[in-house]
Amino acid sequence: MGKTFRGCPKPSASSSSSSAPSQSTTSTSITETVNGSHQFKITGYSLSKGLGIGKYIASDTFMVGGYTWAIYFYPDGKSVEDNATYVSLFIALASVGTDVRALFELTLLDQSGKERHKVHSHFGRTLEGGPYALKYRGSMWGYKRFFKRALLEQSDYLKDDCLSIHCSVGVVKSHTEGPKIYSIAVLPSNIGQHFGNLLESGKRTDVSFEVDGEVFAAHKLVLAARSPVFRAQLFGPMKDQNTQRIKVEDMEAPVFKALLHFIYWDTLPDMEEITGMHSKWASTLMSQHLLAAADRYGLDRLRLLCEANLCKDVAINTVATTLALAEHHHCFQLKAVCLKFVAMPENLRVFGQSSYLCVSQSPCCTIIISTCSCDAN
């Protein structure tokens, strides 16, 4: 009888070459400080003398780096052996914590205006032993002999029997950043689409506007939220008598329709669709009208969008109107673009063959531009 041997077969060359590729990952340990400060003013310093050695005046507690801190000022000093010769100053951990590592700065402010402050600081220098560690609640860092009391009372640090102390704390925090184990694609905001759909549906409208023979329905709260002018018109103390149907003067219906589109959608409409004009000047024409409407209703974002569009579309047969709008509505960048366009040699030649109109005057010059309706090249 033959014998059967069972064992693990050796991997073939083909199987080893198809093994999964090795993966490499990285991580970073980041150590930094969370900084905060507190100013402690002590009035009636002379009355605090004689409080007793080892007894302190405490500031209100303040929070830095997730921990509570307090400043302790000892008017008669902290140590018996100093016999009240020095004042002592400390920063104390006032909340529960274990081995809280931090940087500190205690500053006695010069109140003479000379800014000769007395500063003891960990910040901005290398510490041989690293940040100071506070072991438990009540642990302190500071100076038993912060200032000789006799000298303090003759110095510019004491003014009107008042001392001012500034304390900075930098709590040391460490964390490790590694590769994310998730990838969540957050959809862009579509709040404009929701409001736009509300306008198009016509549901729950509570105000209508008559503009150049056409009527537009809208929602008072949406209009008031977007425009300070509508807010005053619909809800202010000087609101219109009839807030159900309001007549809008000096505006064309397509312009008001575009205005409502922006208020609800927060985007510019299709200018050719709004105007019914299928020409390259449709956007310029509507942007001119919308800029004036935006200024009228306090819609700053719409005004800037229109200004940007007009800056891109300055042409021979529109620059006169655009420059006049820029001057009237204080669009300084648009005005500069128009004036630069007018000053171009090839454009000056065109204006030289046309009738002229004075549209702007400054102390140093009068701006003359063409009103011709010729087609631009």
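The values are calculated or read from the model by the stated rules, or taken from the named source; none is laboratory data. What you see is a predicted model; the values in this text were computed from it and never measured. Neighbour counts run over all protein chains shown; Cβ positions are idealised from the backbone, glycine included. For the accessible areas, the whole protein counts, side chains as well, though only heavy atoms, and no ligand, DNA or RNA atoms are used. Shrake-Rupley method; radii C 1.70, N 1.55, O 1.52, S 1.80 Å.
For Trp69, Trp281, Trp141, the ranking by accessible surface with the largest value first comes to Trp281, Trp141, Trp69, using a 1.4 Å probe.
Protein heavy-atom surface of the chain, 1.4 angstrom probe: 52% of the accessible area is carbon and sulfur, with nucleic acids and ligands not counted.
For the chain, the residue among Gln233, Leu93, Ile191 whose Cα projects farthest onto the positive side of the dipole built from Cβ charges is Leu93.
Put Leu291, Leu339, Leu151 in order of accessible area, highest first, and with a 1.4 Å probe you get Leu151, Leu339, Leu291. How much net charge surrounds Val337 when only the other residues with a Cβ under 14 Å from the Cβ of Val337 are counted, with Lys and Arg +1 and Asp and Glu -1? That works out to 0. In summary, the aspartates and glutamates within cross-link reach of Lys41, defined as a Cα separation below 14 angstrom excluding same-chain residues under 8 places away, comprise Asp60, Asp110, Asp160, Asp161. Counting only DSSP H runs of at least 4 residues, each contributing -39500 (n - 2.57), and dividing by the residue count of the chain, the helix-based mean residue ellipticity at 222 nm comes to -8500 deg cm²/dmol. Each residue of segment 109-118 is assigned a 3J(HN,Hα), and the resulting list reads 7, 6, 9, 8, x, 7, 6, 8, 6, 9 Hz, derived from the Karplus form 6.51 cos²θ - 1.76 cosθ + 1.60 (θ = phi - 60°), x at Gly and Pro. The Ser46 and Gln244 beta-carbon pair, evaluated with R₀ = 56 Å, returns a calculated FRET efficiency of approximately 0.20. Past the 34 angstrom mark, what percentage of all C-alpha to C-alpha distances in the chain do you count? Value for the chain: 64 percent of Cα pairs lie more than 34 Å apart.
Its Cα centre serving as origin, segment 101-251 has a Cβ charge dipole (Lys and Arg +1, Asp and Glu -1) of approximately 1180 debye.
Restricting segment 105-143 to trypsin sites (Lys or Arg not before Pro) that sit in a DSSP loop and have at most 16 other Cβ atoms within 10 Å of their own Cβ leaves Lys114, Arg116, Arg125, Lys135, Arg137.
Cross-link reach is defined here as a Cα-Cα straight distance under 27 Å, omitting same-chain residues fewer than 8 places apart; for Lys203 the lysines meeting it are Lys220, Lys239, Lys247, Lys257. Relative to the current alpha-carbon distance between Lys118 and Arg349, full extension at 0.36 nm per residue lengthens the span by 76.0 nm. Of the trypsin sites (Lys or Arg not before Pro) in segment 139-195, which ones lie in a loop per DSSP and count no more than 14 other C-beta atoms within 10 Å? Filter output for segment 139-195: Lys180. Ordered from highest to lowest accessible area with the whole protein assembly present and a 1.4 Å probe, Phe235, Phe123 read as Phe235, Phe123. Per-residue surface analysis assigns Ser174 an accessible area of about 80 Å², computed on protein heavy atoms at 1.4 Å probe radius. Here the chain is assigned +1 on the Cβ of each Lys and Arg and -1 on the Cβ of each Asp and Glu. Its dipole about the Cα centre then comes out at about 1960 debye. In the context of the full set of protein chains, residues of segment 107-165 present 64 Å² of accessible surface per residue (probe radius 1.4 Å, heavy atoms only).
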